[in-house]
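Peer 1: Below is a structure I'd like to ask you about.
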Amino acid sequence: MSILINEHTRVLIQGITGAEGTRACKEALRYGTLVVAGVTPGKGGQTVEGVPVYNSVKEAQTQHKDINTSLIVVPAKFALDAALEAIEASIPLVVILTEHITTQNSARIMAHAKAKNVRVVGPSSVGIISPGKGKIGSIGMTTSEIFTPGNIGILSKSGGMTSEIALALTRCGFGQSTAVGIGADIILGSDFADLLKLFAQDEETKAVVLFGEVGGTYEESAAEYIQGGFTKPVVALVAGAFADALPQETTLGHAGAIVSQGKGSYASKIQALREAGVHIAQTTEDIPKILHTLL
Amino acid sequence: MRYSGVRTPMKLTEHEGKKLFQHYGIETPKSALVSLPQNLPQWGPCVLKAQVHSGDRFKHGGILIVEKVEQIQEKLQTLLGKNIQGEVVESVLVEEKVEALAQWYISLSYSSEIRGPVLSLSTSGGTGIAQAHTTSIPILVGITKEIAQRALDEAQFPQEDSAAVTEVLQKLWTLFIDECALVAEINPLFKTTHGLVAGDAKIIIDDDKNPSGERRIIAMDGDIAVLASGGGASMLIMDALIRAGGKPANYTEYSGNPPAQVVKELTIKVLSRPGLKGCFVAGAFANFTDIYVTLSGLLEGLREITPKPTYPIVVRRDGPRKDEAFAMLEQAKTEGFDFHLFGSDISMNDSAKEMVARAYPV
């Protein structure tokens, strides 16, 4: 098992003819993930890496009834329309790689997704990889060997840190069940808690590593969910201790990394996670050391 | 530590915010923006308010009440040029003092918890809001009369003011949506004998409304320049550097596979400050950022800085084309650059220790 992505994933790429889309297509195919169709309005009839391109999601869906995942890589200004098209088509998993979508448009996307019972991952996701089974997005792009099959789930706000953590795990003999870049915007489609619920059901996953950052309350929500009865061990690495000394409302490396006092601060996140029984790592190399004591 | 030059770039000043209020039909007090102690409005009593971005300007002496007209000039001069949390006061809003019957708090923002907009209300506005009552607003619907009425009742606003406050809430909602704001707040909202008046304006516009692509640099007090790569990794790098005993001179970050030119310009900006003892170029294992391209930008930047940086430059990078990139920097050592190159064979944390050991030799 794994979560979200596996051998049965059939991908539609929205924005497939753009540079990012073509790269995403090549990468997924290289990893053996089936990209069955692409969409770029006005470019129907073309092919990218042998994958047929359609003008709309509906058209692609008519030809490829097995599509179960859409990967959105369109520029930010087209992302709302692209996401609404995928949601309207009830594609059960919509993964948004696009960065710089306005918070307002993200809120609109999530409102529509909720009404249609569609799961959204992202925006600003680096992608999802279930090592050995499939991957979508820029995750582990030229470095797939750093992701190896195994029993550790990774949920990360940062794309780079997803790989850095996988590397530390792989080098110490811990493979991964699924690694998900959840993004670090103010509004996320799937947060830590949402995906921990999936890891709870996934027999292959024995422990989960979280990479969090200052800003927002997703780490606090994760702590609340874990305290409510998530029984697998969780190790968390949270970045931004230095930011607690910065003026409030300063935005750091990600849109959602907004310096705040109280809830949202580094201190608040660490305290909430500790109280929930989560093991706190200070560095990436701490993570496998902690896992060794737990598994 | 002291920080300078830090602010949210898209946070509007009160004056800018109030201009938006006027545009959307929200009443504001009679006011004039002044930046010189000349041609002053002759109103009394009035309030002088420093136009800075700090949310704590009252506490830091940025708001003065003037009872008599003849005191305006004198008090104004104490404000102009004053430093409030790292920001120098360049203009002051002179505003007629409002006789308020009540002061309320209304605010629209986004909540990560409900993943949509929330309305916060309190009947005790002004400084030091007690518990505000929050209601989630369905973004596809907006603030209807029914939603406003329910929220106002729950927050215990007076019944007789409901209609008037609802009108302000609906105007503020239109502003919030049309201006692509992250925060639109009126605190205090004055109740006066002739209607509701916005006493202050806090508006933050979404950076992504018109993304500039400009990389921001947060200046700090230390002496190790930081060129970090990756939104999340950059923060972890700062933590590691400080934990190892390093004093960062700045925080900045580049990610998303930028062209060499972007890294070059950032390098020049970050390293063109005197008194540096080291430069830390670090990031997580890159998924798709071209290490050769980005480190070419670093090298081009280094070549343009005068005097030539001779302090240690510790690089910890890995990912696509790392070997080519390191060969290039290795070659450039002959130009006099003191590079120390590390791949992912050492951790980000250990590379921070390497940086500190070289920047502050015993």
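Peer 1: Tell me the angle of helix A:103-116 to the major Cα principal axis of chain A, expressed in degrees between 0 and 90 and rounded to the nearest ten.
Peer 2: Helix A:103-116 sits at roughly 70 degrees to that axis.
Peer 1: Determine, from the Cβ-Cβ distance of A:LEU34 and B:ASP338 and an R0 of 45 Å, the FRET efficiency 1/(1 + (r/R0)^6), rounded to the nearest 0.05.
Peer 2: Calculated value: 0.35.
Peer 1: Using Cα-Cα distances under 8 Å and only pairs 6 or more residues apart, what relative contact order does region A:143-294 have, in percent?
Peer 2: 24
Peer 1: What is the sum of charges around B:GLU179, taking Lys and Arg as +1, Asp and Glu as -1, for the other residues whose C-beta is under 10 Å from the C-beta of B:GLU179?
Peer 2: Neighbourhood net charge equals -1.
Peer 1: Express as a percent, rounded to the nearest 5, the fraction of DSSP beta bridges in region A:1-129 (both residues included) that run antiparallel.
Peer 2: Restricted to region A:1-129, the bridges split so that about 10 percent are antiparallel.
Peer 1: Follow-up. Among bridges DSSP assigns within chain B, what percent are antiparallel (round to 5)?
Peer 2: Around 70 percent antiparallel, to the nearest 5.
Peer 1: Still on this structure, please answer the following. Which percent, to the nearest 5, of DSSP beta bridges fully inside chain A are antiparallel?
Peer 2: So the antiparallel bridges amount to about 20 percent of the total.
Peer 1: Further question: Amide H of B:SER255 versus every other amide H placed in the peptide plane: which residues, excluding those fewer than 5 positions away on the same chain, fall under 5 Å?
Peer 2: Those qualifying (amide H under 5 Å, at least 5 residues apart or on another chain) are B:GLY230.
Peer 1: Please list, in order along region B:168-176, the HN-Hα scalar couplings obtained from phi with the Karplus expression 6.51 cos²θ - 1.76 cosθ + 1.60 (θ = phi - 60°), rounded to whole Hz, x for Gly and Pro.
Peer 2: Computed from phi, the couplings for region B:168-176 are 5, 4, 5, 5, 5, 4, 4, 4, 3 Hz.
Peer 1: Can you give me the long-range amide H partners of A:VAL209? Hydrogens built in the peptide plane at 1.01 Å from N, cutoff under 5 Å, separation of 5 or more residues or another chain.
Peer 2: A:GLY153, A:ILE154, A:LEU155, A:VAL235
Peer 1: Further question on the same structure: Report the Cα centroid-to-centroid distance between region B:79-113 and region B:117-149 in angstrom, as an integer.
Peer 2: Value for the Cα centre distance between the two parts: 20 Å.
Peer 1: Helix B:291-304 versus the longest principal axis of chain B: what is the Cα-based angle in degrees, 0 to 90, to the nearest 10?
Peer 2: 90
Peer 1: Can you tally the net charge around B:GLU300? Count Lys and Arg as +1, Asp and Glu as -1, for every other residue whose Cβ sits under 13 Å from the Cβ of B:GLU300.
Peer 2: Net local charge, B:GLU300 excluded: -1.
Peer 1: Over the Cα atoms of region B:30-97, what Rg and Dmax result, in angstrom?
Peer 2: Taking only Cα atoms of region B:30-97, I get Rg and Dmax of 10.9, 31 Å.
Peer 1: I've got another one for you. Rounded to the nearest 500, what is the 222 nm mean residue ellipticity of the protein assembly as shown from helices alone, with -39500 (n - 2.57) per DSSP H run of 4+ residues and division by all residues?
Peer 2: It lands at -9500 deg cm²/dmol.
Peer 1: So if we plug the beta-carbon distance of B:HIS60 and A:GLU7 into 1/(1 + (r/R0)^6) with R0 = 51 Å, what FRET efficiency do we get, rounded to 0.05?
Peer 2: 0.25
Peer 1: Non-local amide H neighbours of B:VAL118 (under 5 Å, H modeled in plane, Pro and chain starts lacking H): which ones?
Peer 2: B:SER109, B:TYR110, B:SER111, B:ILE137
Peer 1: Evaluate the distance, in nm, between pseudo-label points positioned 7 Å from the Cα of B:LEU36 and of B:LEU140 along their respective Cα→Cβ axes.
Peer 2: Label at B:LEU36, label at B:LEU140, 5.6 nm between them.
Peer 1: Now, a different point. Kindly rank B:173-183, B:26-36 from highest to lowest mean number of other beta carbons found within 10 Å of each residue.
Peer 2: The packing order, highest mean first, is B:173-183, B:26-36.
Peer 1: Only Cα pairs under 8 Å and at least 6 apart count here; give the relative contact order of chain B as a rounded whole percent.
Peer 2: 14
Peer 1: Here is a follow-up. Using 0.36 nm per residue of separation minus the Cα-Cα distance, give me the extension gain between B:GLU99 and B:GLN331 in nm, one decimal.
Peer 2: Extending this stretch completely gives an extra 76.3 nm.
Peer 1: Shifting gears a bit: Distance in nm between label sites at B:ASN83 and B:LYS68, each 7 Å beyond Cα in the beta-carbon direction?
Peer 2: Inter-label distance under the simple model: 3.3 nm.
Peer 1: I need the semi-axes of the equivalent ellipsoid of region B:244-362: take the C-alpha gyration tensor, multiply each eigenvalue by 5, square-root it, list largest first in whole angstrom.
Peer 2: Listed largest to smallest, the semi-axes of region B:244-362 are 20, 17, 14 Å.
Peer 1: Compute the projected area of the convex hull of the Cα atoms of the protein assembly as shown, averaged over all viewing directions, and report it in nm² to one decimal place.
Peer 2: The Cα convex hull of the protein assembly as shown, projected and averaged over all directions, gives 31.1 nm².
Peer 1: Can you check how the C-alpha radius of gyration of region A:178-218 compares to 2.2 N^0.38 Å, as a plain ratio?
Peer 2: 1.21
Peer 1: Would you mind checking A:LYS77/B:LYS171; A:LYS157/A:LYS197; B:LYS18/B:LYS97; B:LYS49/B:LYS82; A:LYS157/B:LYS209; A:LYS197/A:LYS289 for any pair whose Cα atoms are more than 20 angstrom apart?
Peer 2: A:LYS77/B:LYS171; A:LYS157/B:LYS209; A:LYS197/A:LYS289
Peer 1: For region B:218-357, what is the number of Lys pairs with C-alpha distance below 20 angstrom, counting only pairs 8 or more positions apart or on separate chains?
Peer 2: Pairs that pass both the separation and distance tests number 14.
Peer 1: What is the angle, in °, between the Cα long axis of helix A:19-30 and the longest principal axis of the Cα atoms in chain A? Nearest 10 is fine, range 0 to 90.
Peer 2: Helix A:19-30 and the main axis of chain A meet at about 80 degrees.
Peer 1: I would also like to ask the following. Got the relative contact order for region A:241-295 handy, in percent, Cα pairs under 8 Å and 6 or more residues apart?
Peer 2: 22
Peer 1: Here's another thing I want to ask about it. What does the charge count near A:HIS112 come to, summing +1 for each Lys or Arg and -1 for each Asp or Glu among other residues with Cβ under 15 Å from its Cβ?
Peer 2: Local net charge: +2.
No value in this document is a laboratory result; all are computed from the given coordinates. Being a predicted model, the structure only gives us computed values, none of them experimental. Ideal geometry is used to build each Cβ from the backbone, glycine not excepted, and the neighbour counts take in all protein chains shown.
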